[in-house]
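Student: One structure follows; several queries about it will come next.
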Amino acid sequence: MTATPTTTLSYAFRQPVTSLDDVRDMIGEPSELVLRKELSRLYAHCRAFIAHAPFLLLGTAGASGRCDVSPRGDAPGFVLVLDDTTIVIPDRPGNKRIDSFQNIIENGHVGLLFVVPGVEETLRLNGRALLVRDPDILERLSAQGKTPSIAIAVEVEEVFLHCAKAFRRAKLWNTEAWPERSALPTLGKMLTDQLHLDESTIADLDCAIEEAYVKRLY
């Protein structure tokens, strides 16, 4: 019996999968090791991975189910580990959209993916988040002489190491597999096209974007 999809898309897919039983039939069961590697606190290897990670992806969802994934990055160790179940992520200057913050206020559940350059495995962490502004915590998150005005505290609910298959298939750290930068236009060009701006603005946009990268990272 086919269940009614909980989500409908504009493209008319003919064979949507709407049952977890069907998914299990197609994917199979996880091994005992995969099940047992899930932890509820940060043990030594988790702490070490976070300490070496200069980059993470933050996944959030609002009360309506609206989702967002936001990149966060700085020097390795920029994420503060307070104890075995609590980490704090500083907020550095960005585009001021506050999508992640809005979602966290509406629905505190978050998912994180920590990435270490050259390491094909990743660390996944799921938990409950809160926006914080404790002066002593923010001071510990300072960088380049700048103290963030707000940070994201996350209480760990589950954390586990993720295997390298996706990164290996993508050849992410293999520089010989990287495309030429010219394969994609500059951000200035893409914004000009998308916003129907005059072509003469491309160079100015690219200059302004690069200036922001250089002068307003902190």
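The values are calculated or read from the model by the stated rules, or taken from the named source; none is laboratory data. Given the structure is predicted, the values throughout are model-derived calculations rather than measurements. No Cβ is skipped: glycine too gets one built from the backbone with ideal geometry, and neighbour counts run over all protein chains shown. When the accessible area is computed, the model is the full protein with side chains, heavy atoms only, and any ligands, DNA or RNA have been set aside. Shrake-Rupley method; radii C 1.70, N 1.55, O 1.52, S 1.80 Å.
Residue-wise test of (1) in a strand (DSSP E or B); (2) not aliphatic (A, V, I, L, M).
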position: 114; (1), (2): yes, yes
position: 128; (1), (2): yes, yes
position: 131; (1), (2): yes, no
position: 172; (1), (2): no, no
position: 188; (1), (2): no, yes
position: 202; (1), (2): no, no
position: 209; (1), (2): no, no
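Student: May I pose another question? For the stretch 127-151, how many residues are in contact with a Phe, Trp or Tyr (Cβ under 8 Å, 6 or more places away or on another chain), under 28 Å from residue 61 (Cβ atoms) and surrounded by 14 or more Cβ atoms within 10 Å (Cβ to Cβ)?
Tutor: The first filter runs over the stretch 127-151 and keeps only residues in contact with a Phe, Trp or Tyr (Cβ under 8 Å, 6 or more places away or on another chain), leaving 131, 141, 143-146, 150.
Pick out the ones that are also under 28 Å from residue 61 (Cβ atoms) and you get 131, 141, 150.
Filter once more, so that each one left must be surrounded by 14 or more Cβ atoms within 10 Å (Cβ to Cβ): 131, 141.
Here the count works out to 2.
Student: Another question, if that's okay. Of these, 24, 66, 14, which one is among the charged types (D, E, K, R) and in contact with a helix residue (DSSP H, G or I) (Cβ under 8 Å, 6 or more places away or on another chain)?
Tutor: On the way: 24 fails: in contact with a helix residue (DSSP H, G or I) (Cβ under 8 Å, 6 or more places away or on another chain); 14 fails: in contact with a helix residue (DSSP H, G or I) (Cβ under 8 Å, 6 or more places away or on another chain).
Answer to the check: 66.
Student: Kindly list the number of the only condition in (1) open to solvent by less than 20 Å² (accessible area, probe 1.4 Å); (2) of a type outside the set (Asp, Glu); (3) more than 21 Å from residue 59 (Cα to Cα); (4) free of Cβ contacts under 8 Å to residues at least 40 places away in the same chain that fails for residue 169.
Tutor: Here residue 169 clears every test but (1).
Student: Is at least one residue of the stretch 172-192 open to solvent by 100 Å² or more (accessible area, probe 1.4 Å), touching a Phe, Trp or Tyr at 6+ places or on another chain (Cβ under 7 Å), of a type outside the set (Gly, Ala, Ser) and at pLDDT 95 or above?
Tutor: Let us first name the residues in the stretch 172-192 that are open to solvent by 100 Å² or more (accessible area, probe 1.4 Å), namely 176, 178-182, 184.
Okay, now just the ones that are also touching a Phe, Trp or Tyr at 6+ places or on another chain (Cβ under 7 Å), so none.
Scanning the stretch 172-192 turns up no residue that is open to solvent by 100 Å² or more (accessible area, probe 1.4 Å), touching a Phe, Trp or Tyr at 6+ places or on another chain (Cβ under 7 Å), of a type outside the set (Gly, Ala, Ser) and at pLDDT 95 or above.
Student: If you don't mind, another one. Under 8 Å between Cβ atoms, at least 6 apart or on separate chains: pull out the pairs that start in the stretch 12-39 with a residue that is part of a helix (DSSP H, G or I) and end on any residue that is open to solvent by less than 80 Å² (accessible area, probe 1.4 Å).
Tutor: Listed by first residue and then by second, the contacts come to 23/17; 26/17.
Student: Under 6 Å by Cβ, and 6 or more places apart or on different chains, what pairs join a residue from the stretch 102-126 that is under 22 Å from residue 34 (Cβ atoms) and modelled with pLDDT of 95 or more with one that is open to solvent by 20 Å² or more (accessible area, probe 1.4 Å) and of a type in the set (A, V, I, L, M)?
Tutor: So the pair list comes out as 113/57; 121/161; 122/113; 123/161; 124/113.
Student: Hey, could you check the stretch 41-72 for residues that are of a type in the set (A, V, I, L, M), farther than 16 Å from residue 122 by Cβ and not in a helix (DSSP H, G or I) and say which is most open to solvent (accessible area, probe 1.4 Å)? Let's see the steps before the verdict.
Tutor: Within the stretch 41-72, the first condition is being of a type in the set (A, V, I, L, M), and the residues that meet it are 42, 44, 48, 50-51, 53, 56-58, 61, 63, 69.
Subset that is farther than 16 Å from residue 122 by Cβ: 44, 61, 63.
Pick out the ones that are also not in a helix (DSSP H, G or I) and you get 61, 63.
Values: 61: 23, 63: 82 Å².
Per the stated criteria, the residue is 63.
Student: Moving on. With open to solvent by less than 50 Å² (accessible area, probe 1.4 Å) and within 14 Å of the chain's Cα centre (by Cα) as the only criterion, which of 79, 88 stands out? Before you say what the answer is, go through the steps one by one.
Tutor: On the way: 88 fails: within 14 Å of the chain's Cα centre (by Cα).
From the options 79, 88, the qualifying one is 79.
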